[in-house]
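A short write-up of the structure that comes next.
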Amino acid sequence: MGIFKRKHKYEGLEKTKKSFGEKIKNLFKSDITEEIIEKIEEDLILSDVSVDTTLKIIKRFREERKKNSREPIEIFKNIIEEIMPDNNLKIEKGRLNIIFVFGVNGVGKTTTIAKLAKFYKDQGFSITLAAADTYRSGAVDQISVWAERVGVHLVKHEGKSKPSAVIFDAIDSAIARERDLLIVDTAGRLHNRENLIQELEKLNKILKTKAQDAYKYNLLVLDATTGQNALQQAKTFSEHIGIDGIFLSKIDSTAKGGIAITIANELKIPVVFVGTGEKLDDIEDFDKKDFVESIFE
């Protein structure tokens with residue numbers, strides 16, 4: 001991801017590790033009988049790995065065991081890594097980068113934006129935030145507080161304003177100030193409300209037209225605690241807006257971190273960040289190998 005890299009700890013995965021990782025790891029200490037494989041399959045599904053993804057993993061595990069002499073747990077971990085796309089977010093200096101952030105209400109979107117701003121500021125990037133959530137009462141005030149706390153520039157409009165107008169001004173400001181990164185906040189969208197989705201499509205097109213030379217990245221924020229509902233949200237947003245990557249929030253609050261595997265496999269969309277707590281620093285840039293190793297260590 002860009003030019004910076006740090007060590008991944010994934011301390012927020014403790015619940016998933018205990019309820020999912022340790023169970024499966026202990027199963028691999030036994031002889032791998034058909035009964036054991038069925039229990040592994042059951043534990044995958046109970047951890048919010050979808051049925052389709054589970055069947056794919058189990059099928060490949062059976063195939064690989066026949067032709068591979070490695071330890072079964074290593075074969076298993078490698079299969080999970082392989083079905084998850086690599087992190088593809090490439091924020092770099094020397095150009096304008098735009099992260100267009102969207103998601104349904106209640107996923108922690110505004111807090112996520114603050115975490116992203118702090119994450120990149122700590123790595124030396126200059127940042128502007130766009131307060132384009134102009135519908136929710138208090139949304140502009142909320143992101144204003146975060147912007148001040150993090151110490152980054154914010155473009156906002158006073159009173160009632162169209163999100164598109166805020167985005168136009170934010171792009172002009174980011175270019176004039178030679179910012180590395182513009183992060184755009186948007187109003188929460190119900191994934192099953194067509195009119196709201198259409199408005200998000202409009203904002204997405206404005207960004208493409210207004211900032212044609214910028215590196216633009218569509219980032220969907222999903223709440224890990226919502227499980228399979230998060231998958232449905234991702235499918236709808238993917239069909240209408242297009243998703244480059246996923247920020248999986250609140251992963252510390254669930255014992256079912258397998259949803260990250262499901263989304264990555266079924267939609268071929270990488271998870272690029274996870275939120276591991278409520279503090280500004282509770283954010284990890286996602287590495288699939290580290291993620292899998294953390295669950296099964």
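The values are calculated or read from the model by the stated rules, or taken from the named source; none is laboratory data. Bear in mind the structure is a predicted one, so any value in this text is a computation, not a measurement. Reconstructed Cβ throughout: ideal geometry from the backbone, glycine too, with neighbour counts over all protein chains shown.
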- prompt: List, please: which pairs have Cβ atoms under 8 Å, are six or more places apart or on different chains, and start with a residue in region 156-168 that is aromatic (Phe, Trp, Tyr) and end with one that is not in a loop (DSSP other than H, G, I, E, B)?
  reply: Phe168/Ile206; Phe168/Lys210
field: Selection count, region 274-289, where residues are over 14 Å from Thr112 (Cα atoms) and surrounded by fewer than 18 Cβ atoms within 10 Å (Cβ to Cβ)
entry: 1
- prompt: Tally time: how many residues in region 182-215 are surrounded by fewer than 18 Cβ atoms within 10 Å (Cβ to Cβ), among the hydroxyl-bearing types (Ser, Thr, Tyr) and either at pLDDT below 90 or not in a helix (DSSP H, G or I) (or both)?
  reply: 1
- request: Go through region 134-159 and count every residue that is among the aliphatic types (A, V, I, L, M) and surrounded by fewer than 20 Cβ atoms within 10 Å (Cβ to Cβ).
  value: 1
task: Out of Lys268, Lys235, report the one residue that is of a type in the set (D, E, K, R) and either in contact with a strand residue (DSSP E or B) (Cβ under 7 Å, 6 or more places away or on another chain) or on the phi > 0 side of the Ramachandran plot (or both).
output: Lys268
query: What tally of residues in region 23-67 results from selecting those that are touching a residue at least 24 places away in the same chain (Cβ under 8 Å), not in a loop (DSSP other than H, G, I, E, B) and not β-branched (Val, Ile, Thr)?
result: 8
statement: Condition set of a type outside the set (D, E, K, R) and closer than 21 Å to Glu293 by Cβ, scope region 47-67, selection modelled with the lowest pLDDT: answer is Ser47
message: Quick check on my filter: what residues within region 110-125 are of a type outside the set (Val, Ile, Thr), touching a residue at least 40 places away in the same chain (Cβ under 8 Å) and touching a strand residue (DSSP E or B) at 6+ places or on another chain (Cβ under 7 Å)?
response: Lys115, Leu116, Ala117, Phe119, Tyr120, Phe125
query: Considering region 234-249 alone, what residues qualify as being touching a Lys or Arg at 6+ places or on another chain (Cβ under 9 Å), crowded, with 23+ Cβ neighbours inside 10 Å and not aromatic (Phe, Trp, Tyr)?
result: Ser249
- prompt: Which residues, counting only those in region 68-91, are over 30 Å from Tyr120 (Cβ atoms) and either crowded, with 16+ Cβ neighbours inside 10 Å or not basic (Lys, Arg) (or both)?
  reply: Asn68, Ser69, Glu71, Pro72, Ile73, Glu74, Ile75, Phe76, Lys77, Asn78, Ile79
field: Pick from region 250-273, criterion at pLDDT 90 or above and closer than 25 Å to Ala117 by Cβ, ranking: surrounded by the fewest Cβ atoms within 10 Å (Cβ to Cβ)
entry: Pro270
